[in-house]
Amino acid sequence: MSAHTSRVDVGIVGGGPAGLMTALLLTRRGISVAVVERRSQETIRATQRAGILEAPTVDMLVDAEIGSRVLTEGHEHEGTVLSFDGVQHRIDFQALVGRSVWLYPQNEVFHDLATAWQAEGGEIHWEVDDAAVEGLEGAAPAITFTDAAGEARRIEAELIVGADGSRSMCRKLIPDDVRTDYRTTYPFAWFGILCEAPPTAPELIYANSEVGFALISQRNEDITRMYFQCDPDTDPEDWSDDAIFDHIQRVLGGEDVVALKRGRIIDKTVLPFRSYVCDPLTHGRLVLAGDAGHTVPPTGAKGLNLAFSDVRALVPRIEEFLTGLRQGVEGAADVDPETVTEPLRRYSKTALDRVWKAQNFSWWATNLLHRRPGEDPFAHQRRRGEFDAITGSVHGQAYFADSYTGWADA
């Protein structure tokens, strides 16, 4: 049976936040788009992910008229607390750099984007099987897949965007002799919990002590998110609720420092730490965006925000690429592939420049706030000196605030 074939300007593999934001912004520039996603919409909505949005990310959602939920249901944080051995220091984002961050879960961002895309009649195929991409080095790339109804489909496009997450199929289509994979792993993970408890504090607390790291976050007025440092091989079921809360309280210090709010734990998970960068982010008629091209440890709250900065850099370059392609066709001239794809290579450089800044901040913050297995007392005291140098200087605090709340685009 022949596949049902359709044609658009841009085909997007991946219906998460990066793929949907790209689709929405391209459509609003008059560019036709189709999206394919292997997961169901309900699965993505239910997946608990990070919840800190930089100021530029919030601006994107507001400017794109995705909806006001980020402002009405999200929580603006004008600062955060860094704690070392029970001594707390507040970093005042507004006073230092004039920006805030918003606490708004990534699955809610996804819901807003999916709702907006479907309201505008955007083409999307959920729960696809056997997705593949072909023709990237020619002038007629295509996505082939089996849709949720079992029908074979083919979407032909001028360009393919790979926004299919950290296990990206699209990334592997960049040849080994073209692609450089930069990787590092960390000797610890985060043990994350969701519990039925009110917020422990009005802002996030990042804490370090001689027993490791903990983060006190929030979800809403009734659900709290917390993390603590653990071995990557930890089995969540080996920890009782009381043991989890007692350990986090030890990291924070005594209850006279912070009285941890406790409640029934409704979710436990272990999140491994890794950093990855793919260079370049483009090959032929393919570009990568979001986790398909890079991942960071969660300490610096950069994952979703980096994906959206990719989109901000990518959308104008796709428009430029399509304009150049059409001008060549209309002029009846031979289209030089290198010239046509030059805007995509510029996107790769712009995006990677920011990715490496984010990798540096995430690596630095991770090593500042975590205790490495087997380290000696000197390492902890040296870290104390670094911590004091950051919190005791307005310039050190400003570096943290500027990096955490989001740099201006280049």
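Worth a mention:
- Cross-link partners of K268 among lysines, defined as those whose alpha carbon lies under 29 angstrom from its own and excluding same-chain residues fewer than eight positions apart: K302.
- Coupling constants for segment 367-379 follow from the phi torsions by the Karplus curve (6.51 cos²θ - 1.76 cosθ + 1.60, θ = phi - 60°), and in residue order they are 6, 5, 9, 10, 9, 7, x, x, 6, 8, x, 4, 4 Hz; glycine and proline get x.
- Assuming charge only on the beta carbon of Lys and Arg (+1) and of Asp and Glu (-1), the dipole of the chain about its Cα centre is about 520 debye to the nearest 20.
- Taking the DSSP bridge list for the chain and keeping only pairs wholly inside it, about 70 percent are antiparallel.
- Count Lys and Arg as plus one, Asp and Glu as minus one, and take only other residues whose Cβ is under 11 Å from that of V315; the net charge is then +1.
- Relative contact order of the chain: 20 percent, from C-alpha pairs under 8 Å at least 6 residues apart in sequence.
- The distance separating the Cα centre of segment 218-275 from that of segment 1-56 comes to 33 Å.
- Formal net charge of residues neighbouring L260 (Cβ-Cβ distance under 11 Å; K, R +1; D, E -1): +1
- Segment 54-155, accessible surface, carbon-and-sulfur percent (1.4 angstrom probe): 45 percent
- Accessible surface area normalised per residue over segment 296-410 is 45 Å², counting heavy atoms of protein chains with a 1.4 Å rolling probe.
- Of the three principal axes defined by the Cα atoms of segment 253-403, the extents in descending order read 76, 39, 29 Å.
- Using θ = phi - 60° and Karplus 6.51 cos²θ - 1.76 cosθ + 1.60, couplings along segment 176-182 (whole Hz; Gly, Pro as x): 4, 7, 9, 8, 10, 9, 9
- Working from the Cα coordinates of segment 68-161, the gyration tensor eigenvalues give, after taking √(5λ), semi-axes of 44, 17, 14 Å in decreasing order.
- For the chain, the ratio of Cα radius of gyration to the globular rule of thumb 2.2 N^0.38 Å stands at 1.04.
- Close amide H contacts of V128 (hydrogens built in the peptide plane, cut-off under 5 Å, sequence separation of 5 or more or a different chain): E37, R38, R39.
- Only protein atoms count toward the accessible area here, which uses a 1.4 Å probe; on segment 164-288, the carbon and sulfur part of that area reaches 46 percent.
- In terms of accessible area, using a 1.4 Å probe and ignoring ligands and nucleic acids, D376, D92 rank largest first as D376, D92.
- In segment 182-270, the inverse of the mean reciprocal separation of distinct Cα atoms equals 13.3 Å; this is its Kirkwood hydrodynamic radius.
- Projected over every direction and averaged, the convex hull enclosing the alpha-carbon atoms of segment 1-70 yields 6.3 nm².
- Interatomic Cα distance distribution for segment 78-120, bins of 5 angstrom, percent: 6, 18, 14, 13, 13, 13, 11, 8, 4, 2, 0
- In the context of the full set of protein chains, residues of segment 180-231 present 34 Å² of accessible surface per residue (probe radius 1.4 Å, heavy atoms only).
The values are calculated or read from the model by the stated rules, or taken from the named source; none is laboratory data. Quantities reported herein were computed from a predicted structural model and do not represent experimental measurements. Cβ coordinates were reconstructed from backbone atoms using ideal geometry, including for glycine residues, and neighbour counts include every protein chain displayed. What goes into the accessible areas is simple: the full protein's heavy atoms, side chains included, and nothing from ligands, DNA or RNA. Shrake-Rupley method; radii C 1.70, N 1.55, O 1.52, S 1.80 Å.
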